[in-house]
Amino acid sequence: MDVTISPSRVRGAARAPPSKSYTHRAILASGYADSATVHDALWSADTRATARAVELFGGDVTRTDDGTLEVSGFDGRPDVPADVIDCGNSGTTMRLVTATAALADGTSVLTGDDSLRSRPQGPLLDAIADLGGEAFSTRGNGQAPLVVTGPVEGDAVSIPGDVSSQYITALLMAGAVTDEGVEIDLETELKSAPYVDVTLELLADFGVEAERTEAGFAVAGGQRYAPEGGEYSVPGDFSSISYLLAAGAIAGGETVTVEGAQPSAQGDTAIVDIVDRMGADVEWDRDAGTIDVGAAPLSGIEVSVADTPDLLPTIATLGAVADDDTHIVDAEHVRYKETDRVSAMAEELGEMGVETTEKRDSLTVHGGDSRLEGATVRGRGDHRIVMALALAGLVADGETTIEGAEHVDVSFPGFFDVLEDLGTTVDRAD
């Protein structure tokens, strides 16, 4: 699907979708449990992939008419899947359930689409081998398809922290139901650390104790997943909120109010501070879970995305509108997402007349030297690239057409409907 955005002013209220990160973890945690009810879950292409994996491991995920997920779990003892686990485009699914597969008494095979089969999984495979399982890439390159044979019983492992925090999340979640537990020694500094904080928060909500140590993290074995009252509610997603805040900051005709913004461990809450530092009018009522944002002249700043890789596309678009330079640093790990998001934003914003300087670990957007012009751009099969380019289209000179816009279904299925409700002119073409 191609979507064309006309220059528009936005106003009104919009509700953020539920958190994709929390939903993935909640579905899998419910699978590790005997049973659980998950309220306010994001039902998207990625999270459906995690639900399918839970079912292949012997659980059942039923979605009711009001969107609640009723999960019958495998109670910490996953079956050997009767079929290949297809993770689609979801890197979170693949990494989290690769560790689940290591608990099964037999062999599991995991794969995904072209993009997912290019993403690094080697450190997690090595960790599973260190725990006593067998895990390898069929192509010998540390990338899917993956073959995993268990069961592992737990032990100490050493793993790099600067490739993906999802490795740590996967080992902690699986380690809680091993016999011996898992101790994780980080070989390098942990990138995207707030995502592990999300994991620790959710584990606690499911009655599982895990902790930081001097060397890394640890989780005791022999634990059971059991949320209080058998229920868990997913908070709003700040990665998705970033697009709504940025829309208000660059194209707000009046105040835009974002609902569903309750505080949580999500690192992407940093977007509130970022738009504030750049000069937008922003006010976060944490008790009410609402953020009001209004447009104002923006100035370029320096932002580290070491802990917030998903924000890079949003910040790049903000930088294209701002005066002076916006310097996005600590960004090398952002290259290993659904696409190389550093190059993708540099190249696609370049198609719209934006000057950038790309280095291995950074992206500088020269807003003061740029004039956003409507163009035809590619979504690169990446939901975050699509949404960031749509924001640029709000304030470009002329229409902006985004090819492959259907990929917003990965994390924000109603994104273009929300933009329309805020006053954007959106045309869709299959």
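The values are calculated or read from the model by the stated rules, or taken from the named source; none is laboratory data. This structure is a prediction, so every number in the text was calculated from the model and none was measured. Cβ atoms come from the backbone with ideal geometry, glycine included; neighbour counts cover every protein chain shown.
I'd like to know if segment 231-240 contains one or more residues that are touching a residue at least 12 places away in the same chain (Cβ under 8 Å), over 30 Å from V256 (Cα atoms) and more than 16 Å from the chain's Cα centre (by Cα). Within segment 231-240 (the criterion being touching a residue at least 12 places away in the same chain (Cβ under 8 Å), over 30 Å from V256 (Cα atoms) and more than 16 Å from the chain's Cα centre (by Cα)), the answer is yes, since at least one residue qualifies.
Among residues of segment 172-184 being of a type outside the set (A, V, I, L, M, F, W, C) and over 24 Å from the mean Cα position of the chain (by Cα), the one that is surrounded by the most Cβ atoms within 10 Å (Cβ to Cβ) is T178.
Per-residue answers, yes or no, for (1) surrounded by fewer than 16 Cβ atoms within 10 Å (Cβ to Cβ); (2) closer than 30 Å to P78 by Cα:
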residue: G229; (1), (2): yes, yes
residue: Y232; (1), (2): no, yes
residue: P235; (1), (2): no, yes
residue: S239; (1), (2): no, no
residue: E259; (1), (2): no, no
residue: P263; (1), (2): yes, no
residue: V272; (1), (2): no, no
residue: D292; (1), (2): no, no
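Report yes if G31 is on the phi > 0 side of the Ramachandran plot and not β-branched (V, I, T), otherwise no. No: the conditions fail for G31.
Taken residue by residue, segment 207-218 has no member that is hydroxyl-bearing (S, T, Y), surrounded by 17 or more Cβ atoms within 10 Å (Cβ to Cβ) and at pLDDT 95 or above.
Residue by residue, here is whether (1) within 17 Å of the chain's Cα centre (by Cα); (2) modelled with pLDDT under 95 holds:
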{"site": "I274", "(1), (2)": "no, no"}
{"site": "M278", "(1), (2)": "no, no"}
{"site": "P297", "(1), (2)": "no, no"}
{"site": "L312", "(1), (2)": "yes, no"}
{"site": "V321", "(1), (2)": "no, no"}
{"site": "V329", "(1), (2)": "no, no"}
{"site": "T339", "(1), (2)": "yes, yes"}
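Confirm whether V196 is modelled with pLDDT of 95 or more, under 18 Å from the mean Cα position of the chain (by Cα) and among the β-branched types (V, I, T). Yes. Reported count of residues in segment 141-171, each being in a strand (DSSP E or B) and buried (at least 24 other Cβ atoms within 10 Å of the Cβ), is 2.
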